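The values are calculated or read from the model by the stated rules, or taken from the named source; none is laboratory data. For clarity, every value in this text was computed on a predicted model and none was experimentally measured. Methodologically, a virtual Cβ is constructed for each residue, glycine included, from the backbone with ideal geometry; neighbour enumeration extends over all protein chains shown.
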Amino acid sequence: KKLIIINGPNLNLLGKREPNIYGSLTFTEFYDEVIKKYPDVSIDYFQSNNEGELIDKLHEVGFNFDGVVLNAAAYTHTSVGIGDAVKAIETPVVEVHISNTFNREEFRHHSFISPNAKGVILGFGLQSYELAIQSFL
Ligand code: DQA
């Protein structure tokens, strides 16, 4: 299986960004653990703070990978373009969030990704990503 984790804006700051919400592990530390745990699965990783780069990456992997684990971060709530890209590609996308966006501000309750996603996993901390990976196995 060929999977990719795509992280959106500000997720490069994991570990030092609001650790009370997002935890104190950096994404690289978590990613290293996950790829060791699933040696038979190819799991790529891409992060960008730019909407267009996230769309380009979805196009690039969206017809030849088996699955995308997407945390579009703040763009989840704002980006028609990323929502359309998820709809346009063939590869199934599982939307993930570290926090439970439904017990946070109202503006985090809406997602442009969810209607086009295979499923949504949120609120389990970094474990949300692992659960999404398992959903493709
Ligand atoms: C997030 C939730 C979003 O509302 C927020 O903008 C993020 C992270 C999460 O993983 O919990 O940046 O996607």
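A few points about this structure:
- Number of the condition not met by D56 [criteria: (1) more than 11 Å from the ligand (Cβ to nearest atom); (2) in contact (Cβ under 8 Å) with a residue 24 or more places away in the chain]: (2)
- Scanning the stretch 1-54 for residues that are modelled with pLDDT under 95 and touching a helix residue (DSSP H, G or I) at 6+ places or on another chain (Cβ under 6 Å) turns up just one, L14.
- Any chance A72 is within 10 Å of the chain's Cα centre (by Cα) and not β-branched (V, I, T): yes
- Annotation: of all residues in the stretch 102-137 being polar (S, T, N, Q) and not in a loop (DSSP other than H, G, I, E, B), the one that is surrounded by the fewest Cβ atoms within 10 Å (Cβ to Cβ) is N103.
- Note on the stretch 76-101: among residues that are crowded, with 19+ Cβ neighbours inside 10 Å and either near the ligand (Cβ under 8 Å from one of its atoms) or at positive phi (or both), the one that is nearest to the chain's Cα centre (by Cα) is V96.
- Of everything in the stretch 23-37 that is more than 26 Å from I55 (Cα to Cα) and either within 16 Å of the ligand (Cβ to nearest atom) or of a type in the set (G, A, S) (or both), the residue that is surrounded by the fewest Cβ atoms within 10 Å (Cβ to Cβ) is S24.
- Under the condition of being without any contact (Cβ under 8 Å) to a residue 40 or more places away in the chain and closer than 11 Å to G8 by Cβ, the residues counted in the stretch 67-81 number 3.
Each row is one residue, and each column tells you yes or no for (1) more than 10 Å from the ligand (Cβ to nearest atom); (2) surrounded by fewer than 17 Cβ atoms within 10 Å (Cβ to Cβ); (3) within 20 Å of P115 (Cβ to Cβ).
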site: N7; (1), (2), (3): no, no, no
site: I21; (1), (2), (3): no, yes, no
site: P39; (1), (2), (3): yes, yes, no
site: V68; (1), (2), (3): yes, no, yes
